[in-house]
1. Can you tell me the order of 210-218, 165-173 when each peptide is scored by its average per-residue count of other Cβ atoms within 10 angstrom, highest first?
2. First measure r as the distance between the Cβ atoms of residue 164 and residue 206, then evaluate 1/(1 + (r/R0)^6) with R0 = 22 Å and state the FRET efficiency to the nearest 0.05.
3. Ranked by Cβ crowding within 10 angstrom, fewest neighbours first, how are 156, 255 ordered?
4. So if R0 is 22 Å, what FRET efficiency would residue 251 and residue 225 give, r being the distance between their Cβ atoms, rounded to the nearest 0.05?
5. Taking 0.36 nm per residue of sequence separation and subtracting the Cα-Cα distance, how much length would be gained by fully extending the chain between residue 187 and residue 31, in nm to one decimal?
6. Using mean Cβ contacts within 10 Å as the protection proxy, how do 174-180, 224-230 order, highest first?
7. Step through the table entries 149/201; 120/167; 149/254, compare each Cα-Cα distance with 31 Å, and write down the pairs that go over it.
Amino acid sequence: MKKEHLNRKINLADKYLHGDMSAEEQADFERCLKEDPELTEYLDIQKEIDEVILDREALDFAATLDEAYDAYKTKKQPVKRLRPVYRWTGIAAALLVFLGIGMLLRQQTADLPVSQLIVKKYYRPYEVPVNYRSAEGTVDATFRQAVEKYNNKEYSEAIRLFEQVLKEDNTRMDANLMSGLSNFETKHYKQADSSFRRIIKHRDNLYVQQAQWYLGFCFLMTHQDEKAIQLYRKIVEEQGYYSKKAEKILKKLKS
């Protein structure tokens, strides 16, 4: 029963961190965080797991963990008594290590290629500036409404509205970017690819770097690793905002 309870909290933390919750589930989870310190602790640990999950050593970590635990049981060393204030924290952490981390690493690495693990680690939804354009006309009003839908993770409705903006003015590179991102979030990678390429081909706009960065994720999610490598090399060479992250991704792809 305790194990099931623990696994449930681990899975909730994982879903929350990776955006797999509906808006209602996310709101419920955030309310629980305020009332449940244990859940907050699991969330913090899950964040740390995500930071190391792409390391090559992590692919063998589950086996190493099993060996370490077997060795620990064999030694049968007495466990030092914990002060009451830290007792549950220690127990929870130990349970998480021996019951949770091994399970999570197996689940998250066994079935995914390195390219998709890279997306899992480095992809973050684009953050739209808070004071983004005032609604000067009908098209701008539609765009702002679409951005609100995007921020609320209502991506299908956001796509519809961004496409409406582009029908009125197909030179809006901001709408192209946001439409591409919304399509990426709904796993419509071909449509996202087209939007990002349109921005890159246009060149004379402020969104080329973002389009290149997110196009790389489209390549990775559609198993086009060679194209991704070429694109990330270009990003590194141009020494733009994403160059350092692109360099790290290249190392992962070539290792």
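What follows is calculated from the coordinates using simple rules that are stated; it is not laboratory data. These numbers come from a predicted model, not from an experiment. Cβ sites come from the backbone with ideal geometry, for glycine too, and all protein chains shown count toward neighbours.
1. Output ranking for 210-218, 165-173: 210-218, 165-173.
2. So, using R0 = 22 Å, E works out to roughly 0.50.
3. Neighbour counts put them in this order, fewest first: 255, 156.
4. Plugging the Cβ-Cβ distance into 1/(1 + (r/R0)^6) gives 0.95.
5. 53.3 nm
6. Per-residue mean Cβ counts within 10 Å order the peptides as 174-180, 224-230.
7. Distance filter (> 31 Å) returns 120/167; 149/254.
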